[in-house]
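The values are calculated or read from the model by the stated rules, or taken from the named source; none is laboratory data. Keep in mind the model is a prediction, meaning the values are calculated, not measured. Virtual Cβ from ideal backbone geometry, glycine too; neighbours counted across all protein chains shown. Note: areas computed on protein heavy atoms with side chains; ligands, DNA, RNA excluded. Shrake-Rupley method; radii C 1.70, N 1.55, O 1.52, S 1.80 Å.
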Amino acid sequence: MLGVSFLLATLPAARELSFSLAGAANVVWLTGAAIMAVMSFARFVPRTSAVNLRTLAASGGMLFLPCFMRPANLSIGALATTGLIFELFGVVLTQVARVYMGRSFGILPANRGIVLKGPFRWVRHPIYFGWLILSIGYAMSYPSGRNIMLIATTLPFMVWRINQEEVHLSADPEYRRYMDRVRYRLWPGVV
């Protein structure tokens, strides 16, 4: 189901491919979602997990709302270039964090082992941070009320999901030590 949800996220971008800055922005979005889909199929079985209506709602909102973003109102100039840079940075950060996470990746709160290397040294949730930067870049490339509203609506679900994961992982003494070492959950220097 997880892999399929990421594949569904590729559909809007796949419809608008072209040899332009906007087309490149769509390719970046498409590539990130496709990589996430593939990685979803090769996960470790969790040691512990938290599956309930709250975790399903938070994870579902965080995953499915961005699937409704659409390429519309193509930006130009500096906004388009900056948007593409944000998208590229977000995809690279997300995928580098995934490489470090390896088969420990999952959507519902679970303990598949604590990752302490790579971007996890600076922020506890670099995949979510990368997704946020990627999505902001996409909204800059395709500025529309719909895309901006979807990012703003997704953020509370993301924070809710992070809280659930941290409550679950706090049962592991190794994760509590990690939380003491890495202060920031989502955005380095801010949150």
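Observations on the structure shown:
- Region 56-149 gives an Rg/Rh value of 1.03, both radii derived from C-alpha positions and Rh following Kirkwood.
- Portion, in percent, of the accessible area of region 32-86 that falls on carbon or sulfur, probe 1.4 Å: 73
- For a label point 7 Å along the Cα-to-beta-carbon line of Leu53, residues of region 148-167 with backbone N under 20 Å: 157-158, 160-165
- Per residue, region 36-101 exposes 56 Å² of accessible surface when a 1.4 Å probe is rolled over the protein heavy atoms with every protein chain present.
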